[in-house]
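Here's the structure we're looking at; comments come further down.
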Amino acid sequence: MKSLIILLVLVCTSFGFGQGKFVFNKDGLSPKHTISKVDGLSKIQLFNKALKWIKATYKKPDTEMDKQIIRLTSIKENAIQADKRYFHMKYVVEISFKEGQYTFKPLEIQTKANSKYDMGWKDFNLNNGEAYFKKGKVIKKTKSYVKAIPAVLNEINARLYDFLTSE
C-alpha cells in the first residue's frame, strides 16, 4: 500500500511540475521519461540550443540526429561507488522536441568496473529492478546503483534544462 501511495505522489508531482525526477524502484526506472516545459522557444530553437549545450558540455559527444530528435551516448566516469570499487556508467538518452517543451528519455545504461583489467560493459535493466530489492527494501550491496544511476540522469536533465532556460 505504501508503494502505491509513493508511486501516486511521484506521478502527480511529475505532472504538476513538468520536470519530474527519475527514481529506481523494483519496477525499474520511473518515470520512463520526463517532459519539461521551456516557454518562449520553438521546436527548432530548442533543438539548436540543445546541440549547443552538447557541444559545450561534452568533449567527444556521440550523437545521432533524426527529424530533430537527438540520441546522446556518453560515459560518466566513476559514477557508482560500490564498497571500495568504482564503476563507469555509459548512458544513451533520447531528447525530442515540441513547441515549448522537450522530452528526456533514458534508453540504455551500461556499467563497467574501473579496473586495469577490461571486463567489458554490463547492461543495466531499466525496466526491472527486482534484483536490487528484497521485501520492498533496497539490498545494501546494490544501494549505490539504485541511487547513483537516477542521480546521474537527473543531473544531466537538470543541466540541459538550465541551459535551455538561460538567456
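The values are calculated or read from the model by the stated rules, or taken from the named source; none is laboratory data. The structure presented is a predicted model; accordingly, all values stated were derived computationally and were not measured. For neighbour counting, all protein chains shown are included, and Cβ atoms are generated from backbone atoms with ideal geometry for every residue, glycine included.
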* To do: Quick one: which strands (runs of 3 or more DSSP E) lie wholly within segment 76-167 and hold at least 3 residues that are in contact with an Asp or Glu (Cβ under 6 Å, 6 or more places away or on another chain)?
  => 101-113
* State whether one or more residues within segment 38-61 are part of a strand (DSSP E or B) and either farther than 20 Å from Asn154 by Cα or touching a residue at least 60 places away in the same chain (Cβ under 8 Å) (or both). => no
* **Selection within segment 102-130 - touching a residue at least 60 places away in the same chain (Cβ under 8 Å) and over 17 Å from the mean Cα position of the chain (by Cα)** => Glu130
* Output the residues belonging to segment 79-90 that are under 16 Å from the mean Cα position of the chain (by Cα) and not charged (D, E, K, R). => Ala79, Ile80, His88, Met89
* Output the residues belonging to segment 66-104 that are among the β-branched types (Val, Ile, Thr) and buried (at least 18 other Cβ atoms within 10 Å of the Cβ). => Ile70, Ile80, Val93, Ile95
* Asked: Applying the selection to segment 77-96, what residues are among the β-branched types (Val, Ile, Thr) and under 24 Å from Lys67 (Cα atoms)?
  -> Val92, Val93, Ile95
* Does segment 140-152 contain at least one residue that is in contact with a Lys or Arg (Cβ under 8 Å, 6 or more places away or on another chain) and free of Cβ contacts under 8 Å to residues at least 40 places away in the same chain? -> no
* May I ask you to verify whether Leu10 is surrounded by 14 or more Cβ atoms within 10 Å (Cβ to Cβ) and at pLDDT below 90? => yes
* Asked: Can you spot a residue in segment 85-93 that is of a type outside the set (Asp, Glu), in contact with a Ser or Thr (Cβ under 9 Å, 6 or more places away or on another chain), at pLDDT below 90 and closer than 30 Å to Gln45 by Cα?
  -> no
* Structure fact -> Residues in segment 42-65 that are buried (at least 18 other Cβ atoms within 10 Å of the Cβ) and out of contact with any Leu (no Cβ under 7 Å at 6 or more places or on another chain) total 1
* To do: Would you check if Ala56 is more than 18 Å from the chain's Cα centre (by Cα) and at negative phi?
  => yes
